[in-house]
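Trainee: Shown below is the structure under consideration.
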Amino acid sequence: MQIDKIIAEATAKAVNTLYGTDLAADKVQVQATRKEFEGNFTVVVFPFLRASRKSPEETAAEIGRRLVEDEPAVQKFNVAKGFLNISVDPAFWAGVLIDIADRQDWGFKAPSEQSELYMVEYSSPNTNKPLHLGHVRNNLLGYSVAQILKANGYRVVKTNIVNDRGIHICKSMLAWQKWGDGATPQSSGKKGDHLIGDFYVAFDKHYRREIAEIMERDGISEEEAAARSQLMAEARDMLRRWEQGDPEVRELWKTMNSWVYAGFDETYKRLGVDFDKIYYESDTYLEGKELVLKGLEQGKMYRREDGSVWADLTGEGLDHKLLLRADGTSVYMTQDIGTAKLRFRDYPIDHMVYVVGNEQNYHFQVLSLLLDRLGFKWGKDLVHFSYGMVELPEGKMKSREGTVVDADDLMDEMTRTAAEAAEGRFDSMSPEEAADTARMVGMGALKYFLLKVDPKKNMLFNPKESIDFNGNTGPFLQYTHARICSLLRKAGVQEGAAVPAGAEGGSLPTPGPKEISLIQRLADFPQVVAEAARAFSPALIANYAYDLAKLYNQFYHDCPILREENEEVRAWRLLLSSTVARTLRGAAGLLGMEMPSRM
């Protein structure tokens, strides 16, 4: 049993015996003791004062004395301002480690058919441009949250909504028709998403030039010139033709989107993310349009004089929201309404989680209200996992478009930077292994750096700072894991084995202070995984892994392992090392990180 649960049950028993209550163990608050106080665990005694009718200090002391008498795991206690700090018997920690090492599912729960179902939406790309740095953080957060929810025993469906229709798509299509000269990914040597992104940029370039010419020729404002743009009028006409099912437009749209999807798949594979179900806006917007028109008939929406359809949300403290344009075309909100309907039709979803940046906070506030208004009661319960923006220092990396950092460029740069930072570390490897290790280190640096920050916060990503083998970085975790793997190989312990030969049976050595700190941090893993799910925060996993790696390196420096002459102590420390490596792999897996066994 986990040590914190042992303390909780023993405390509940003590309180019930002392004060005649029927306190349940899960009502006892047990937390790690703060570093400035002596002890391993702290029990909050204030909830027991009504039953004890004594001061916090007296109550804590009474409970502490009873724990020392009745619970073998408790060695001693101290009281600090009404908090009961408990020191666990050092010999007891040996059994804790054996329990952890024996449990192959340590920190993880397997879902069952009765488990609640979470659907996690992430990525949400547009098919007019490649994935960029913002998409990278989005994908990594979404994938990690899904893995963390799975580790807590929930069923999870990872989903993506591809924005494959709209005026932005038509801009790329029109530019290809006008200036593409029949270019394809094969003829141009470019990934499909990059090729289409180039035409999106080309449209904007020609559009801006046209606007400037109109302004100069007619002496009017930029807004007035935009209204006279022939290029934009052609793009809007193409969108109308698309929605009307024009065969020529639809065929071009399918062809160009197929190029983009092939490019996206390559990027997703490199990022190490995947999806269980992909929805397409071209399939869902009509569902949303139908719901909006039904809501209009029922008086839940209204139509303006120009024919556009709106929702009045002033009663909920918001404003009026456009749902259908005057020409009948849909907006993003309409698509999201339709997508939500299809998802709840396809899956028995208990929790719907949208991983979308904080600039869309208002959008999801409105979506929740509209779904509820349209009769979908689950609309009130949708979760918007809102995260902050990520930026790069100026001049650190150039994008294909000059303003947005391309995901493929970023991953290429991270791999190159990892190879340069290794400084001969990979010299003993074959070229193929060295290249693959550089890839793992570069991607590990990227993933860890983006995930270690509280997702709600904006962040600055510095590629070179992220690849530091001694800092709070992914490579530091990977190097610690590789160090342990090297140690186990030298000791003749099979990599991945939970219990090295010689650690089982017989009397167990009493752990020292460094070993106890390490075991206690290992014992925290299930609680950290559970809290990361409650908070939707991969950062909790990342920072736990960093703390564990730091503690291990302190232990490695201070406690001889292979040079230890006492066979029992040597086997014990190898067991501890192996368990740390396994836990680091488990934590890294929740972040989508690979852990090299050699570095």
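The values are calculated or read from the model by the stated rules, or taken from the named source; none is laboratory data. Keep in mind that this is a model prediction, so the values were computed, not measured. Glycine gets a Cβ as well: all are built from the backbone with ideal geometry, and neighbour counts include every protein chain shown. Ligands, DNA and RNA are stripped out before the accessible areas are found, and what is left, the full protein with its side chains, is counted by its heavy atoms. Shrake-Rupley method; radii C 1.70, N 1.55, O 1.52, S 1.80 Å.
Trainee: Return the lysines within reach of residue 13: Cα separation strictly under 24 angstrom, same-chain partners fewer than 8 residues apart disregarded; answer none if there are no such residues.
Mentor: 5, 27, 54, 76, 81
Trainee: Using alpha carbon centroids, what distance separates the range 1-23 and the range 293-316, in Å?
Mentor: The range 1-23 and the range 293-316 have Cα centres spaced 58 Å from each other.
Trainee: When the accessible area of the chain is split by element with a 1.4 Å probe, what percent falls to carbon and sulfur?
Mentor: Numbers: 12800 of 27200 Å².
Percent of accessible area from carbon and sulfur atoms in the chain: 47.
Trainee: Over the Cα atoms of the range 453-599, what Rg and Dmax result, in angstrom?
Mentor: Cα radius of gyration and Dmax of the range 453-599 are 16.0, 53 Å respectively.
Trainee: So what's the angle, to the nearest 10 degrees on a 0 to 90 scale, between helix 247-271 and the longest Cα principal axis of the chain?
Mentor: With rounding to tens, the tilt is 20 degrees.
Trainee: With a probe of 1.4 Å, find how much accessible area the chain has per residue, and write the answer as a whole number in Å².
Mentor: On the way: 27200 Å² over 599 residues.
The answer is 45 Å² per residue.
Trainee: What value, in deg cm²/dmol to 500, does the helix sum -39500 (n - 2.57) over DSSP H runs of n ≥ 4 give at 222 nm once divided by the residues of the chain? Can you show the working numbers first?
Mentor: Working: 22 runs with 327 residues, N = 599.
Mean residue ellipticity at 222 nm (helix-derived): -18000 deg cm²/dmol.
Trainee: A further question follows. Gap in Å between the Cα centre of the range 552-599 and the Cα centre of the range 72-132?
Mentor: Between the Cα centres of the range 72-132 and the range 552-599 lies a distance of 19 Å.
Trainee: What trypsin sites (Lys or Arg not before Pro) does the range 366-471 have in DSSP loop regions with at most 16 other beta carbons within 10 Å?
Mentor: Details: sites: 373, 377, 380, 396, 398, 400, 416, 425, 439, 447, 452, 456, 457, 464; in loops: 396, 398, 400, 425, 452, 456, 457.
Passing both the DSSP loop test and the Cβ count: 396, 398, 456, 457.
Trainee: Between 0 and 90 degrees, rounded to the nearest ten: what's the tilt of helix 525-535 against the longest Cα principal axis of the chain?
Mentor: Between helix and principal axis, roughly 30 degrees.
Trainee: Given that just one value was derived from the coordinates, which of (i) 27.2, 82; (ii) 29.3, 94; (iii) 24.2, 75 is Rg and Dmax of the Cα atoms in Å?
Mentor: It is the value labelled (ii).
Trainee: According to the square roots a ≥ b ≥ c of the eigenvalues of the Cα gyration tensor, what is the shape class of the range 164-320, taking rounded for a/c under 1.5, prolate for a/b larger than b/c otherwise, and oblate for the remainder?
Mentor: Details: a/c = 2.05, a/b = 1.16, b/c = 1.76.
Verdict is oblate for the range 164-320.
Trainee: Taking residue 300 as the anchor, which aspartates and glutamates have their alpha carbon closer than 16 Å to its alpha carbon, excluding any fewer than eight residues away along the same chain?
Mentor: Hits, sequence-local ones excluded: 290, 312, 316, 319, 372.
Trainee: Which angle between 0 and 90 degrees, to the nearest 10, do you get for helix 230-243 versus the longest principal axis of the chain when only C-alpha atoms count?
Mentor: 70
Trainee: To continue, here is another question. Scan the chain and report its longest stretch carrying no GluC sites (Glu not before Pro) that are both in a DSSP loop and have at most 13 other Cβ atoms within 10 Å.
Mentor: Details: sites that count: 36, 38, 113, 305, 394, 423, 495, 504, 565.
Segment 114-304 is the longest.
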